[in-house]
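To start, the structure itself, in structure tokens.
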Amino acid sequence: MEQIRIVLADDHPIYRSGLHAALDVEPDFNVIGEAGDLSQLIATVEQLQPDILLLDVILGNENSLRILDFLHEVAPRMRIVILTAFADRDIIITAIKSGVHGFIIKEAGRIEIAAAIRCVYQNKAYLDPRVTGIVFKFINNFICKHNQEARNTGDGEQLLKSEKLLSKREKEIFLLARRGLKNKEIATHLHISAHTVHNHLLNIYRKLGISNRHQLMMIANDHE
């Protein structure tokens with residue numbers, strides 16, 4: 001059986017020891033090293049070249065995220081999974097931007113942690129279900145902000161051109177949706193089916209380069 005070589009990095013010896021024991025139960029896991037601070041972490045990773053690094057955000061009162069780029073350099077084949085108690089948006093986004101492959105909250109059990117390790121080892125990404133809402137909200141806000149900024153730059157002209165591509169019916173639905181009407185209300189107002197409204201909205205989203213009604217509401221509308 002192929003062994004997944006793992007290094008644990010956490011500054012709480014009791015938690016680290018318990019996690020080590022829990023992972024040893026898995027027949028395809030081999031915990032080859034541990035680290036409790038940044039200097040130990042760098043030396044251990046550089047020497048052992050593990051497949052997976054389970055890394056806490058704080059090691060010995062220092063932020064481990066600041067050395068992620070260096071860790072990628074000294075162990076380019078290693079994949080990093082953050083295992084932390086902090087479900088903080090800035091920490092999650094910083095970790096993802098820094099190239100981690102997985103993010104797990106410490107309240108996860110052995111089975112979930114093991115599943116995350118195997119997922120990441122197979123060159124996939126793993127995001128703890130407890131933080132997916134935070135990530136989706138960040139992405140949605142980013143898209144909305146980008147669209148709003150586009151209105152004040154050269155991209156805004158392109159967005160206006162996109163709006164002009166809307167058919168007469170799509171413009172009607174666009175304006176009603178902008179007023180906050182739901183699909184059934186729009187359908188009643190225009191004497192068409194809710195299914196037809198839904199299909200028109202999908203076309204509107206595609207033409208405007210957006211993906212949902214919330215983003216549509218953020219668009220300044222010159223037709224009003």
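The values are calculated or read from the model by the stated rules, or taken from the named source; none is laboratory data. Keep in mind that what you see is a predicted model, and the values were worked out from it rather than measured. Don't worry about glycine lacking a Cβ; one is built from the backbone with ideal geometry, like all the others, and counts go over all protein chains shown.
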Would you point out which residue out of Ala95, Ala114, Ala87 is closer than 30 Å to Ala21 by Cα, at pLDDT below 85 and surrounded by 12 or more Cβ atoms within 10 Å (Cβ to Cβ)? Ala87
Residue check: is Gly18 touching a Gly at 6+ places or on another chain (Cβ under 9 Å) and surrounded by fewer than 20 Cβ atoms within 10 Å (Cβ to Cβ)? no
List pairs: first in region 118-133 and without any contact (Cβ under 8 Å) to a residue 24 or more places away in the chain and under 21 Å from Arg5 (Cα atoms), second small (Gly, Ala, Ser) and not in a loop (DSSP other than H, G, I, E, B), Cβ under 6 Å, 6+ apart or cross-chain? none
Which condition does Asn123 not pass, out of (1) touching a strand residue (DSSP E or B) at 6+ places or on another chain (Cβ under 9 Å); (2) on the phi < 0 side of the Ramachandran plot, if it passes all the others? (2)
Inside region 183-204, can you point out the residues that are of a type outside the set (Gly, Ala, Ser), free of Cβ contacts under 8 Å to residues at least 24 places away in the same chain and surrounded by 15 or more Cβ atoms within 10 Å (Cβ to Cβ)? Asn183, Glu185, Ile186, Leu190, Ile192, Thr196
Search result, residues across region 107-117 that are farther than 9 Å from Val81 by Cβ and touching a residue at least 60 places away in the same chain (Cβ under 8 Å): Arg110, Ala114
In region 50-84, which residues are under 18 Å from Arg5 (Cβ atoms) and exposed (fewer than 15 other Cβ atoms within 10 Å of the Cβ)? Val74, Pro76, Arg77
Yes/no for Phe86 being part of a loop (DSSP other than H, G, I, E, B) and free of Cβ contacts under 8 Å to residues at least 40 places away in the same chain: yes
I want to confirm something. Restricting to region 175-200 and keeping residues that are under 30 Å from the mean Cα position of the chain (by Cα) and at pLDDT 85 or above, which single residue is nearest to Arg213 (Cα to Cα)? Ala177
Do the conditions hold for Glu46, that is, is it within 16 Å of Ala75 (Cβ to Cβ) and not small (Gly, Ala, Ser)? yes
Those residues of region 85-102 which are within 19 Å of Arg5 (Cα to Cα) and in contact with a helix residue (DSSP H, G or I) (Cβ under 6 Å, 6 or more places away or on another chain) amount to His101, Gly102
